[in-house]
Amino acid sequence: MFCWSSENDNHLVIAPQSPVLEIGTDFMATCMIINTDEVTADDLYWSLSKTTVPKEQYTKINTSALNVTLTITTENSEWLLCLCKEVSPYVALNKGKFIHGISLTKGCKFLLSQLKTYGRCLNTSVIMFIGLVSISVNFVCCKHL
């Protein structure tokens, strides 16, 4: 017999889950409150690489959802976290249920069949495995001026 308890469920979830972002573009993520009435969107805040994102970049969608808009400026992967202030003893005792994070993977847009030329370049190496044979391809991906 299998039983599922909602006690193990997180109360925050971010969409989209696994974004691949182009440098120089804006990215919007939404943090949604699920399976609880303990908190509202007013209790949430965003953190990017251990730095709190300014509230000017937030948009409250409704009482259970908060957006953040970020401009992607660096090539480094970063963690984007949605967190909740400690507004009640339940939240304080269940901190792990009131945090959700996604990794922001960054790079350039390109099509393998047609490499588009952009202005800001990034040298990239791709290794593909087909069976036991590896194929290595080097290419340059750049941002259009």
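Of the residues making up segment 44-52, at least one is assigned by TED's automatic domain parsing to the domain that holds P19, at pLDDT 95 or above and either surrounded by fewer than 12 Cβ atoms within 10 Å (Cβ to Cβ) or over 18 Å from the mean Cα position of the chain (by Cα) (or both).
As a summary of the residue check, K109 satisfies the conditions (1) at pLDDT 95 or above; (2) in a loop (DSSP other than H, G, I, E, B) except for the one numbered (1). Checked against the criterion of being buried (at least 17 other Cβ atoms within 10 Å of the Cβ), of a type outside the set (K, R), assigned to a strand (DSSP E or B) and at pLDDT below 95, the candidates L21, L70 yield just one match: L21. Being touching a strand residue (DSSP E or B) at 6+ places or on another chain (Cβ under 8 Å), surrounded by 13 or more Cβ atoms within 10 Å (Cβ to Cβ), among the acidic types (D, E) and modelled with pLDDT of 90 or more is not true of E38.
Could you tell me which residue of segment 24-35 is nearest to the chain's Cα centre (by Cα), considering only residues that are surrounded by fewer than 17 Cβ atoms within 10 Å (Cβ to Cβ), closer than 22 Å to V87 by Cβ and at pLDDT 95 or above? Among those that are surrounded by fewer than 17 Cβ atoms within 10 Å (Cβ to Cβ), closer than 22 Å to V87 by Cβ and at pLDDT 95 or above, it is T30. Residues that are assigned to a helix (DSSP H, G or I), at pLDDT 90 or above, over 21 Å from S18 (Cβ atoms) and not aliphatic (A, V, I, L, M) do occur in segment 77-90, at least one of them.
The values are calculated or read from the model by the stated rules, or taken from the named source; none is laboratory data. What you see is a predicted model, and the numbers here were worked out from it, not measured in a lab. Glycine gets a Cβ as well: all are built from the backbone with ideal geometry, and neighbour counts include every protein chain shown.
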